[in-house]
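Every number here is computed from the coordinates shown, using simple stated rules; none is lab data. This structure is a prediction, so every number in the text was calculated from the model and none was measured. A quick note on method: Cβ atoms are made from the backbone with ideal geometry, for glycine too, and the neighbour counts reach across all protein chains shown.
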C-alpha cells in the first residue's frame, strides 16, 4: 500500500517546457504532505532557476537540490532517489520536466501501484515508431484499463525501493558514470526479463512536450497516444 509519495523532477535549463510542466502540476490533485523534489543539474538559465525556487503547491512539501556541477540526468536521479528513500518515502514518481500531467495524474499513479505492487508503473503510453518503423515501446498485453510493455520511456515512472534496487540503481549508476541519459529502456527491459513487465495506465496521465530532444528523436518525438487533460465526472 502506497503511504508516502515523492515526485522527483530532474531539471536542466529549457524553461519553456518546465513552465508548462509546473503549470500542470499546480492544477492537479496531490495528496497532502507529499513531496515535490527538484533536482537541478547546475542549470545556467536564470528563468529555470526562478521557476523552481518560486514554485508552490498547496499542502505539498517542496525540496530543491541544486547540484554544483553538471553530471547528467542519470546522476541527478540517483541523488534524488536515494535522498527520498532515505527520508522514508516509499513510492517515487519520476516526472520529466518536459512533460505535462492531467488532473488525475496523482490518483492514477498511486492507484495502479496499489493494484500492481510488483511492477514499475508508467503514466505514459507511447506507440511512436522508432527508426525501424516499429513502435519504440510496443504493447505486449492489452488489459483494457492498462497495458503491459517490455520497455517504457521515463517521462512518468512510478517505482518503490525494491524495484529501484533490483532493476534501476545499477543501470542509473552505470549510465551516470558514462554521462548517458537513456537509462529507461535498459532498466524497464531488465525488469521485464525478470518477469515483471511494465504496466502503463490507460489512459495516459502524462504527455511529452519536449520536442527539442536530447535523445535525437526530434524528427519523431515520443507522444502518448491516449492523453487527455481532464477527467470529467457525471
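Here are the numbers for this structure:
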{"quantity": "Every residue from the range 147-163 that is in contact (Cβ under 8 Å) with a residue 60 or more places away in the chain and over 27 Å from residue 226 (Cα atoms)", "calculated": "161"}
{"quantity": "The range 175-186: number of residues that are within 13 Å of residue 76 (Cα to Cα) and part of a helix (DSSP H, G or I)", "calculated": "4"}
{"quantity": "Candidate set: the range 13-33, residues that are in a loop (DSSP other than H, G, I, E, B) and within 16 Å of the chain's Cα centre (by Cα); chosen: the one farthest from residue 97 (Cα to Cα)", "calculated": "30"}
{"quantity": "Considering residues of the range 124-146 that are in a strand (DSSP E or B) and more than 17 Å from the chain's Cα centre (by Cα) only, the residue farthest from residue 92 (Cα to Cα)", "calculated": "129"}
